[in-house]
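To start, the structure itself, in structure tokens.
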Amino acid sequence: MWRSPQTSTSSRDSERLAKISGSLFKPMFSRHHHLSAAFALTLAVSAIAGRADHTVPSAPAGMVVIPAGNYAPLIRTKDEPPSVPVAAYYLDERAVTNAEFLDFVRAHPKWQRSRVSPLFADVGYLAHWASDAELGPFAPAAAPVVRVSWFAARAYATWTGKRLPTTAEWERTAAAGFTSTNGATEPGFPAYALVWFSKPTPDTLPSVGLGRPNFYGARDLLSLVWEWVDDFNTAMVSGESRGDTGLERTLFCGAGAAGARDLTNYPAFMRAGLRSSLRASYVVPNVGFRCAQSVSP
Amino acid sequence: MKTQLPLPRLTAALGLLLAGATLLTPSARASEGTVIAKPGGAPIATELPLEVAVLTKAPNVPPPIGRKHPAKVVVNLEVKEVTQRLADGVEYTFWTFGGEVPGLFIRVREGDVVEFHLNNHPSSKMPHNIDLHAVTGAGGGAASSFTAPGHSSQFTFTALNSGLFVYHCATAPVPMHISNGMYGLILVEPKEGLPPADREYYVMQGDLYTQGATNESGLQAFDNVKAMDERPTYVVFNGSVGSLVGDKALQAKVGEVVRLYFGVGGPNLTSSFHVIGEIFDRVWTEGGMKHVQENVQTTMVPAGGSAIVEFKVEVPGTFILVDHSLSRAFNKGALGMLKVTGPENRRLYSGKEIDEVYLGQQSAAGSAASTREAQLVAQKAEAIAKNPEIANITKDIQLERGKKVFLSACFACHLQEGQGLPGVFPPLAGSDYLKADKERAVRTVLKGLSGPITVNGKPYNNVMPPQEFTDDQVADVLTYVMNSWGNASGSVSSDEVKRIRRAGQ
């Protein structure tokens, strides 16, 4: 199933239509949402039709396009605008896998486990791999790579000619549901977004790309691993989620999360919380990443 | 509670702090780091005897401190996300302090310097932190302990205030972290310690919000809509439905003083904590150490609050712990048990004394219903009488009960084997007088007997007082007497006694 970024494909829209139609017949689809196939097809077709207005070139292989739009940050100060424009961008359909990351460390041995600088990755970097250049049983080739630092993720992205997505880009993509740009208004979607939290991280992670694609065609955003973003350290939630108004910036909540845009979006709070708990050298057993690319200026 | 000292005390405390600081040489200050002043006491340097805190899983409580001096106490608490039973057939991924809900119980002494290590297990999905209400300091330690998965944080505080304090995770979204199980209790013993108790237990209440309805089976996810609406699907003691019942019930013996350290994690509900069949002799309300309320039936414990309740168990039995907002106890799990074993005390509590049909105004004697019931009762009695097997059992039961009655009253004169005392108390064993007239025997027990009689050819002239027995007791004791020590002369029914009693009135 996994198509490497190097593989070329046919035109973006025909690929997308094929993908959406194909997914209609996956049992997952009807099990989760009980939509009749006909109704779902109508939605899918109208979604594509609606998107015909966007003058965005088709995405590189393995990536999906997210058209220009606005992002309303979860947490902002009084001085910051309620929403910020986000230019169109491409985002990997799936998280980066162990196999892909192995290619990278083979090409750049300084990112191998035994050679990585402790400044750029903490102890535990790729600890689940069998060795420097061998995945082993705990790191299936098609599973997302985890235990990678922000530095390492960034280096990989650069190697592929891409970059890490920004928080705004990542969150904008993840805010979409299965059938619209706003999952919060899709029946059942907010509850679905919490299900991942009810399951402990398995010892061996499943393969990427098995999740149902969201409105933009991106998979697994809310159901596989946490993902690094380029500006993770701007989340700036202190450990004290209720009193952050007292900090030098008006960062978060305070007096009952007063600065937050949507207090019902628990998953977004948790992502903000996770990002602010991290430092760039941290390696965490359930934090991976995917890459993004700007639509050429 | 954070310390709110009245101004004079605060000034005194500052004065002490300054005085303490000036007593130290600069080098001493440098090596000891912080110098912490306790209001009203001497400054405490951090160079104190070192101890590692004993932490216990609910319902157990660490032993009393016993120390007469402060110490530096190291607390190691591991945050772990674990999937375990919430109710029968229902699993839930709990976020825990120490792998347990509620979190491990921490016990320190007022004035102790607590070095706290929060370790977030590598398998955790979430970053976590801890806010201990026993901490005087911003966030109760939360900001200093915010910890990514697979990392560890350390901070130190002085336990300024004695009391029973809640601790909990304060990472956004806080209600979810708490609902998922991230709460526990820390007891800061007053310097003089607490009065001794025979049993100390740890019970904590929390409310949970599952996407499935109450008791819907399977692994359940958190439902933030129900949480925001404060509509819990579960309200539980110690982390799961049935955590304190059956084999897991709390235990005590009659005469013991039982002390419960009770806390409410919430995130939302206040508890009306009550133990069915007990009155709390003493309640340290709201977990504070200064005021003890006495003879309390139900104590209200706020979310993020606590109480210490204590009572002496006087009688045996099973005592039920509930949140007296009873739908929570009956339908959602807020129910536990305390099993007390030991001798009965009938003076304090009789147990059931009478259980009989009560017809009330609805079914007066002579009504169709009562007539019909009487017919059925008669029919039943007849059926029993005709069935020798049941009849024999009935008689056997009567004999056992009759023996008890005999040994409680009659044997004093007629003696244990019914042999009597020649010339004074006539015998019952082999008595021709007894055998000759059953009705006379019944009347004798009911009304007593005085004056001369002849039994087995020998004269007796004494007084037997009337016996204050029920009809059943008269029937039972006479049946026993008429079938013991070689006697074999039938039986007496309760109905016969009733008839004779009525005839004699």
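Quick check on segment B:136-146: of everything there that is within 12 Å of chain A (Cβ to nearest Cβ) and not in a helix (DSSP H, G or I), which residue is surrounded by the fewest Cβ atoms within 10 Å (Cβ to Cβ)? Even if it seems obvious, please write down each step before you answer.
First, the residues of segment B:136-146 that are within 12 Å of chain A (Cβ to nearest Cβ): B:137-146.
If we keep only those that are not in a helix (DSSP H, G or I) as well, we get B:137, B:142, B:146.
Details: B:GLY137: 16, B:ALA142: 28, B:PHE146: 27.
Ranking the qualifying residues of segment B:136-146, first place goes to B:GLY137.
Can you find, within segment B:460-505, the residue that is nearest to B:CYS410 (Cα to Cα) among those that are in contact with a strand residue (DSSP E or B) (Cβ under 7 Å, 6 or more places away or on another chain) and touching a residue at least 24 places away in the same chain (Cβ under 8 Å)? Break it down into steps so the answer makes sense when it comes.
Start the filter on segment B:460-505 by keeping residues that are in contact with a strand residue (DSSP E or B) (Cβ under 7 Å, 6 or more places away or on another chain), which leaves B:460-464.
Retained after the next criterion (residues that are touching a residue at least 24 places away in the same chain (Cβ under 8 Å)): B:460, B:462, B:464.
Numbers: B:TYR460: 17, B:ASN462: 15, B:MET464: 10 Å.
Result: B:MET464.
Among the residues of segment A:123-132, is any more than 14 Å from chain B (Cβ to nearest Cβ) and under 20 Å from A:CYS291 (Cα atoms)?
Looking only at segment A:123-132, we keep the residues that are more than 14 Å from chain B (Cβ to nearest Cβ), and these are A:129-132.
Next, only the ones that are under 20 Å from A:CYS291 (Cα atoms) stay: none.
Taking every residue of segment A:123-132 in turn, none turns out to be more than 14 Å from chain B (Cβ to nearest Cβ) and under 20 Å from A:CYS291 (Cα atoms).
Hey, any hits in segment A:185-199 for a residue that's touching a residue at least 12 places away in the same chain (Cβ under 8 Å), assigned to a loop (DSSP other than H, G, I, E, B) and at negative phi? First the steps, then the outcome.
Initial filter on segment A:185-199 (touching a residue at least 12 places away in the same chain (Cβ under 8 Å)): A:188-190, A:192-197.
Imposing the further condition that a residue be assigned to a loop (DSSP other than H, G, I, E, B) reduces the set to A:188.
Remaining after also requiring at negative phi: none.
Taking every residue of segment A:185-199 in turn, none turns out to be touching a residue at least 12 places away in the same chain (Cβ under 8 Å), assigned to a loop (DSSP other than H, G, I, E, B) and at negative phi.
Kindly indicate whether B:LEU118 is over 28 Å from the mean Cα position of the chain (by Cα) and surrounded by 23 or more Cβ atoms within 10 Å (Cβ to Cβ).
Details: over 28 Å from the mean Cα position of the chain (by Cα): yes; surrounded by 23 or more Cβ atoms within 10 Å (Cβ to Cβ): yes.
Taking the combined requirement at face value, the residue satisfies it.
Does B:ASP131 satisfy being charged (D, E, K, R) and either in contact with a helix residue (DSSP H, G or I) (Cβ under 8 Å, 6 or more places away or on another chain) or within 30 Å of A:LEU126 (Cβ to Cβ) (or both)? Show your work before the answer.
Values: charged (D, E, K, R): yes; either in contact with a helix residue (DSSP H, G or I) (Cβ under 8 Å, 6 or more places away or on another chain) or within 30 Å of A:LEU126 (Cβ to Cβ) (or both): yes.
Considered against the rule, which asks whether it is charged (D, E, K, R) and either in contact with a helix residue (DSSP H, G or I) (Cβ under 8 Å, 6 or more places away or on another chain) or within 30 Å of A:LEU126 (Cβ to Cβ) (or both), B:ASP131 comes out as yes.
When segment B:278-303 is examined, which residues are found to be under 19 Å from B:GLU189 (Cα atoms) and touching a residue at least 60 places away in the same chain (Cβ under 8 Å)? First the steps, then the outcome.
Restricting attention to segment B:278-303, the residues satisfying the condition of being under 19 Å from B:GLU189 (Cα atoms) are B:282-293.
Selection gives B:TRP284, B:GLY287, B:GLY288, B:MET289.
Determine if segment A:80-102 includes at least one residue that is surrounded by fewer than 19 Cβ atoms within 10 Å (Cβ to Cβ), under 23 Å from B:PRO149 (Cβ atoms) and modelled with pLDDT under 95. Lay out the reasoning, then the answer.
Our first condition is that a residue be surrounded by fewer than 19 Cβ atoms within 10 Å (Cβ to Cβ); within segment A:80-102, this holds for A:80-88, A:99.
Those still in the list that are under 23 Å from B:PRO149 (Cβ atoms) too: none.
No: zero hits.
Going through B:GLU216, B:GLU200 one at a time, which residue ends up being in a strand (DSSP E or B), closer than 26 Å to B:GLY336 by Cβ, touching a residue at least 24 places away in the same chain (Cβ under 8 Å) and of a type in the set (Asp, Glu)? So that I can check it myself, show each step before the final result.
Working: B:GLU216 fails: in a strand (DSSP E or B).
The conditions single out B:GLU200.
Do you know which of the residues in segment B:168-197 that are within 14 Å of chain A (Cβ to nearest Cβ) and not in a loop (DSSP other than H, G, I, E, B) is surrounded by the fewest Cβ atoms within 10 Å (Cβ to Cβ)? Spell out how you get there, then give the answer.
Pass one, segment B:168-197, residues within 14 Å of chain A (Cβ to nearest Cβ): B:168-182.
Imposing the further condition that a residue be not in a loop (DSSP other than H, G, I, E, B) reduces the set to B:168, B:174-179.
Values: B:HIS168: 29, B:VAL174: 22, B:PRO175: 19, B:MET176: 25, B:HIS177: 24, B:ILE178: 25, B:SER179: 29.
By that ranking, first place goes to B:PRO175.
Answer yes or no as to whether B:PRO149 is part of a loop (DSSP other than H, G, I, E, B) and surrounded by fewer than 18 Cβ atoms within 10 Å (Cβ to Cβ).
Numbers: part of a loop (DSSP other than H, G, I, E, B): yes; surrounded by fewer than 18 Cβ atoms within 10 Å (Cβ to Cβ): no.
So B:PRO149 does not fit the description; no.
Sort out which residues of segment B:198-227 are in contact with a helix residue (DSSP H, G or I) (Cβ under 8 Å, 6 or more places away or on another chain) and more than 14 Å from chain A (Cβ to nearest Cβ), and write them in order of number.
Listed by number, the residues that qualify are B:GLY206, B:ASP207, B:THR214.
If you go through segment A:154-163 one residue at a time, do you hit one that is modelled with pLDDT of 95 or more, farther than 14 Å from A:ASP230 by Cβ and not small (Gly, Ala, Ser)?
Looking through segment A:154-163, at least one residue is modelled with pLDDT of 95 or more, farther than 14 Å from A:ASP230 by Cβ and not small (Gly, Ala, Ser).
Given the options B:ALA429, B:ALA441, name the one that is in contact with a helix residue (DSSP H, G or I) (Cβ under 9 Å, 6 or more places away or on another chain), among the small types (Gly, Ala, Ser) and in a loop (DSSP other than H, G, I, E, B).
On the way: B:ALA441 fails: in a loop (DSSP other than H, G, I, E, B).
Testing whether each residue is in contact with a helix residue (DSSP H, G or I) (Cβ under 9 Å, 6 or more places away or on another chain), among the small types (Gly, Ala, Ser) and in a loop (DSSP other than H, G, I, E, B) leaves just B:ALA429.
Does A:ALA127 meet the test of being surrounded by 17 or more Cβ atoms within 10 Å (Cβ to Cβ) and within 23 Å of the chain's Cα centre (by Cα)?
Working: surrounded by 17 or more Cβ atoms within 10 Å (Cβ to Cβ): no; within 23 Å of the chain's Cα centre (by Cα): yes.
Answer is no for this residue.
Are any residues in segment B:77-107 more than 12 Å from chain A (Cβ to nearest Cβ), charged (D, E, K, R) and more than 27 Å from the chain's Cα centre (by Cα), and if so, which ones?
B:GLU78
Provide a single number: the residues in segment B:291-348 that are of a type outside the set (Asp, Glu), part of a strand (DSSP E or B) and over 21 Å from B:VAL166 (Cα atoms).
So the first thing to find is which residues in segment B:291-348 are of a type outside the set (Asp, Glu), and the list is B:291-293, B:295-309, B:311-313, B:315-322, B:324-343, B:345-348.
In the following step, the residues that additionally are part of a strand (DSSP E or B) were identified as B:292-293, B:295-296, B:298-301, B:305-309, B:311-312, B:317-322, B:335-341.
Now narrow it down to the ones that are over 21 Å from B:VAL166 (Cα atoms): B:295-296, B:311-312, B:317-320, B:337-341.
Counting residues in segment B:291-348 that are of a type outside the set (Asp, Glu), part of a strand (DSSP E or B) and over 21 Å from B:VAL166 (Cα atoms) gives 13.
Given the condition more than 30 Å from B:ASP88 (Cβ to Cβ) and surrounded by 14 or more Cβ atoms within 10 Å (Cβ to Cβ), answer yes or no: does some residue in segment B:351-365 qualify? Spell out the reasoning first.
So the first thing to find is which residues in segment B:351-365 are more than 30 Å from B:ASP88 (Cβ to Cβ), and the list is B:351-365.
Subsequent filtering for residues that are surrounded by 14 or more Cβ atoms within 10 Å (Cβ to Cβ) retains B:363.
Scanning segment B:351-365 turns up at least one residue that is more than 30 Å from B:ASP88 (Cβ to Cβ) and surrounded by 14 or more Cβ atoms within 10 Å (Cβ to Cβ).
Has segment B:263-276 got at least one residue that is in contact with a helix residue (DSSP H, G or I) (Cβ under 8 Å, 6 or more places away or on another chain), over 27 Å from A:LEU194 (Cα atoms), modelled with pLDDT of 95 or more and away from every other protein chain (no Cβ under 14 Å)? Before the answer, list the steps.
Narrowing segment B:263-276 to residues in contact with a helix residue (DSSP H, G or I) (Cβ under 8 Å, 6 or more places away or on another chain): B:263, B:265-269.
Adding the requirement that they be over 27 Å from A:LEU194 (Cα atoms) leaves B:263.
From the residues that got through so far, the ones that are modelled with pLDDT of 95 or more too are B:263.
Those still in the list that are away from every other protein chain (no Cβ under 14 Å) too: B:263.
Checked against the condition, which is being in contact with a helix residue (DSSP H, G or I) (Cβ under 8 Å, 6 or more places away or on another chain), over 27 Å from A:LEU194 (Cα atoms), modelled with pLDDT of 95 or more and away from every other protein chain (no Cβ under 14 Å), segment B:263-276 yields at least one hit.
From (1) away from chain A (no Cβ under 14 Å); (2) of a type in the set (Asp, Glu); (3) within 23 Å of A:ARG279 (Cα to Cα), pick out the condition that doesn't hold for B:ASP131.
In the conditions (1) away from chain A (no Cβ under 14 Å); (2) of a type in the set (Asp, Glu); (3) within 23 Å of A:ARG279 (Cα to Cα), B:ASP131 misses (1) alone.
Could you please find all residues in segment B:173-197 being without any contact (Cβ under 8 Å) to a residue 60 or more places away in the chain and under 20 Å from B:ILE106 (Cβ atoms)?
Correct list: B:GLU192 only.
Per-residue answers, yes or no, for (1) modelled with pLDDT of 90 or more; (2) over 16 Å from the mean Cα position of the chain (by Cα); (3) part of a loop (DSSP other than H, G, I, E, B):
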site: A:THR201; (1), (2), (3): no, yes, yes
site: A:ASN214; (1), (2), (3): yes, no, yes
site: A:ALA218; (1), (2), (3): yes, no, yes
site: A:LEU222; (1), (2), (3): yes, no, yes
site: A:ALA257; (1), (2), (3): no, yes, yes
site: A:PHE269; (1), (2), (3): no, no, no
site: A:SER276; (1), (2), (3): no, yes, no
site: A:ALA280; (1), (2), (3): yes, yes, yes
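The values are calculated or read from the model by the stated rules, or taken from the named source; none is laboratory data. Not measured: the values here are computed from a predicted model. Here the Cβ is made from the backbone with ideal geometry for all residues, glycine too, and neighbour counts use every protein chain on show.
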